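**Q** Structure provided below as structure tokens; questions to follow.
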Amino acid sequence: MRQLLKRKLLLASVIFIAVLPILASALFITYRSFQQAKLDAVDRAKSLLSHISEKQEELVAQTMQSLRILSMLPEVRGGGATCARFMAGFINSNPVYDNAGVVDTNGDIRCSGLPLKTKVNIAEREWFALTLKTASPQIGGLQFGKLSRKPGIIAAMPLKGADGEISRVLYLSISVQWLEDVFAEYTLPEKSQITALDTQGVVLFQHPLKVDNEASLMGKPYPNEKIWKHIKNSGEVIAPARVIEDGSRNVYTFQRIGAEDRVAMIIALKFLESAIYRDATHNMVTLILGLCLSLIATFLIAYVAGNYLFLRPVEQEIEKLNDVAETDPLTQILNRRGFTRLTGEKIAGGTIGDQHAVLLIDIDHFKSINDQHGHATGDEVLRETVNRIRTVLRENEIFARIGGEEFAIFIPLVTRENAIVLAERIRVAVDSLPFETGMGKLKVSASVGVCHATARLTIDKFLERADKALYKSKRTGRNKVSI
């Protein structure tokens, strides 16, 4: 009996030792699943915010072009009833605008696309004062219109007389309805909400309008003072926040959306943390059930190869998960996460005086390629772009796809001149020959932004400066290199 008991104890000990690595691996995978779920939610949020920023830039550029055209038309410059009829027709045929009109230099609206029932003066508006002061086009922040009663972004241009003095101010109010169209393209976790705020904390737009039958906040100050204080006290980049509201833990991510180097609005995305982790929780339950079945099998093989049969495969799967997490599946190059990790290690491994460069490359008019030829053709363009860029890179340069049609390259220990030369070679490689696609030959070009600095900068700062240079390339005609 005693011998039998010893054998049972020995069997229990062997099984316990064999199961420990499996339990540890299961817990590790569960932890990684929860972390990955959070990262995925933040990545989706960043993708959405990036899309909003790009759409904002596109609309502002389109609006400035419309202002230049309108400013030359006699119907607009003349004012009066003719101007009002023309502006009414203009906003009816261009639903991206809530209103259009002309303002006298004293702030009185002279003509408007919307009915002007009484005298309306907008002299206190910042965009109007800046237009008169600078005698140049201006973009205002997001605000409620006095005539439209809707939130909009104002673009204004001075109208000058024959004497060169400003006689009136032409303006267009960009509707925020495009935000709803952008939001509709993204699937967000349950009970998520997106809120657009002006620079004073007033709610200008929400999607969805209500969550759990809450009252609409449109036109009211944002009710969560803790979140608004966090936004105000943050620098250029607003860090994510976790807060408990009504007994639920929510995760917030933020983005300041600019227009002509000014903050036009602030976007806040709220996620219910439990919704973010729902898939991870499901995976955890599945994993536990699988582990129970594994324990039964362990009784049969514990003396032979318990650790070998269970722990080693789990470790291999973990390595595969790590590789997948840092690789872009379409182009098979690094994604943003892998790029950030490798470049961070590269910078940390050198000295502060080392000079590095980061290039940001954006395929020009890529959305038009997708819209006109389909996403399959867009994927072909992305892969061919990667192939062409690879032909001019060296082995020590880190190459990644960090956004939809945006790529980044880290060049270690390089001079400013050589960084610019490489950027130009990349631009030429993309632009040199038409792309062969399933829809035929396509002419494709790319804009490049360059940041060259010492290792005192973090990789995020490198990317931030390169992004500003890229914006300069796009704003000044595309298919060029800026630093």
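**Q** Which lysines does LYS117 reach when only Cα atoms under 20 Å apart count, and residues fewer than 8 places away in its own chain are ignored?
**A** LYS146, LYS150
**Q** Additional query: For region 71-177, with the dipole built from +1 on Lys and Arg beta-carbon atoms and -1 on Asp and Glu ones, taken about the Cα centre, which of LEU147, PHE90, SER167 lies farthest toward the positive end?
**A** The Cα lying farthest towards the positive end belongs to LEU147.
**Q** List every residue whose amide H lies under 5 Å from the amide H of PHE205, counting only residues 5 or more places away in sequence or on a different chain, with H placed 1.01 Å from N in the peptide plane.
**A** ALA196
**Q** What is the set of long-range amide H partners of GLN355 at a cut-off below 5 Å, with H atoms built 1.01 Å from backbone N?
**A** Here the answer is LEU413, VAL414, since their amide H atoms fall under 5 Å of that of GLN355.
**Q** Right, another one. Identify all aspartates and glutamates with a Cα-Cα distance to LYS191 below 16 Å; exclude those on the same chain that are fewer than 8 residues away in sequence.
**A** ASP212, GLU214, GLU245, ASP246, GLU273, ASP279
**Q** Using θ = phi - 60° and the Karplus relation 6.51 cos²θ - 1.76 cosθ + 1.60, list the HN-Hα couplings for region 87-95 in order, rounded to whole Hz, with x at every Gly or Pro.
**A** Result, rounded to whole Hz: 5, 4, x, 5, 6, 5, 8, 10, x.
**Q** Would you work out if region 372-442 is rounded, prolate or oblate? Take a ≥ b ≥ c from the square roots of the eigenvalues of the alpha-carbon gyration tensor; rounded if a/c is under 1.5, else prolate when a/b is larger than b/c, oblate otherwise. Write out the running numbers ahead of the final one.
**A** Details: a/c = 2.85, a/b = 1.96, b/c = 1.45.
The shape class here is prolate.
**Q** Return the Rg/Rh value of region 71-177, two decimal places, where both radii are evaluated on C-alpha atoms and Rh is the Kirkwood radius.
**A** Values: Rg = 12.6 Å, Rh = 13.6 Å.
My calculation of the ratio gives 0.93.
**Q** If neighbour count is taken as other Cβ atoms inside 10 Å, put VAL481, VAL237 in order from fewest to most. Walk me through the intermediate numbers first.
**A** Values: VAL481 25, VAL237 10.
So the residues, fewest neighbours to most, are VAL237, VAL481.
**Q** Right, another one. With the cut-off at 17 Å, report for region 336-482 the share of all Cα pairs above it, as a whole percent.
**A** Numbers: 6261 of 10731 pairs.
Everything past 17 Å amounts to 58 percent.
**Q** Right, next: Taking θ = phi - 60°, what integer Hz values does the Karplus form 6.51 cos²θ - 1.76 cosθ + 1.60 yield along region 68-79, in sequence order, with x for Gly and Pro?
**A** 4, 5, 4, 5, 9, 7, x, 4, 7, 5, x, x
**Q** Let me ask you something else. Return the long-range amide H neighbours of THR437 (sequence gap of 5 or more, or a different chain), with a cut-off of under 5 Å between placed amide H atoms.
**A** Counting only residues 5 or more places away or on other chains, the set is LEU442.
**Q** Okay, next question. Could you rank the peptides 81-90, 430-439, 352-361 by their average count of other C-beta atoms within 10 Å per residue, with the highest value first? Before the final figure, lay out each step's value.
**A** Values: 81-90: 17.3, 430-439: 14.2, 352-361: 20.6.
So the order, starting with the most tightly packed, is 352-361, 81-90, 430-439.
**Q** Rounded to the nearest Å, what's the spacing between the alpha carbon centres of region 321-370 and region 165-185? Just the number, please.
**A** First find each Cα centre; the distance between them is then 34 Å.
**Q** Here is a follow-up. Would you kindly derive the ³J(HN,Hα) couplings of region 238-255 from the backbone phi angles with the Karplus curve 6.51 cos²θ - 1.76 cosθ + 1.60 (θ = phi - 60°), listing them in order in whole Hz, with x for Gly and Pro?
**A** Going residue by residue, I get 8, 6, x, 9, 10, 9, 9, 10, 6, x, 10, 8, 10, 10, 10, 10, 9, 7 Hz, with x marking Gly and Pro.
**Q** In the neighborhood of LEU49, defined by Cβ-to-Cβ distances under 12 Å, what is the net charge if each Lys or Arg adds +1 and each Asp or Glu adds -1?
**A** Details: positive: ARG44, LYS46, LYS55, ARG256; negative: ASP43, GLU54.
Local net charge: +2.
**Q** Below 8 Å, C-alpha to C-alpha, sequence gap of six or more: please give me the relative contact order for region 336-482 in percent. The partial results should precede the final answer.
**A** Details: 252 pairs, mean separation 50.2, N = 147.
Normalised by residue count, the contact order of region 336-482 is 34 percent.
**Q** I've got another one for you. Calculate, in nm to one decimal, what MET64 and VAL428 gain on full extension: separation in residues at 0.36 nm each, minus their alpha carbon distance.
**A** Working: separation 364, 0.36 × 364 = 131.04 nm, distance 2.97 nm.
In short, 128.1 nm is gained.
**Q** Taking LYS443 as the anchor, which aspartates and glutamates have their alpha carbon closer than 19 Å to its alpha carbon, excluding any fewer than eight residues away along the same chain?
**A** Within the straight-line cut-off, LYS443 pairs with ASP362, ASP364, ASP371, ASP379, GLU380, GLU384, GLU405, GLU406, GLU424, ASP431.
Values quoted throughout were computed directly from the atomic coordinates according to the rules given, and no laboratory measurement underlies them. In this text, all values refer to a predicted model and were calculated from it rather than measured experimentally. A quick note on method: Cβ atoms are made from the backbone with ideal geometry, for glycine too, and the neighbour counts reach across all protein chains shown.
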